[in-house]
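No lab work stands behind these numbers, since they all come straight from the coordinates. Treat the numbers as computed from the prediction; the structure is a model and nothing was measured.
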Amino acid sequence: MHALPNPSRHAPTRVQPAVPDAYAAMGWIEEFTELARLAIEEEDDELLRRSYEDELLRRAVYLRAAGLFDVMDIRHPALRAMLDDAR
């Protein structure tokens, strides 16, 4: 008769995300931060700024669903207000 392993003696295992998925997630975050920077800095072209904001808000839906904004705070007041208004 074999004894069953005691789960408390073994270190918990973690499921590691697949590397392509991790790179894809980082790509979305990088694109989001770049769009945020462009939207904040654009002062001359209203249409261009709005296109940045529209794309930013489109991506924010997915990032919010993934829980990014549960662990990260937006410090820029205008960007924070824009994302709060879009909920």
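Hey, any hits in the range 42-51 for a residue that's among the aliphatic types (A, V, I, L, M) and over 16 Å from the mean Cα position of the chain (by Cα)? So that I can check it myself, show each step before the final result.
Within the range 42-51, the subset among the aliphatic types (A, V, I, L, M) is 47-48.
Within this subset, residues satisfying the condition of being over 16 Å from the mean Cα position of the chain (by Cα) are 47-48.
Yes; the residues of the range 42-51 include at least one that is among the aliphatic types (A, V, I, L, M) and over 16 Å from the mean Cα position of the chain (by Cα).
Residues in the range 63-79 that are assigned to a loop (DSSP other than H, G, I, E, B) and among the aliphatic types (A, V, I, L, M): Ala66, Met72, Ile74.
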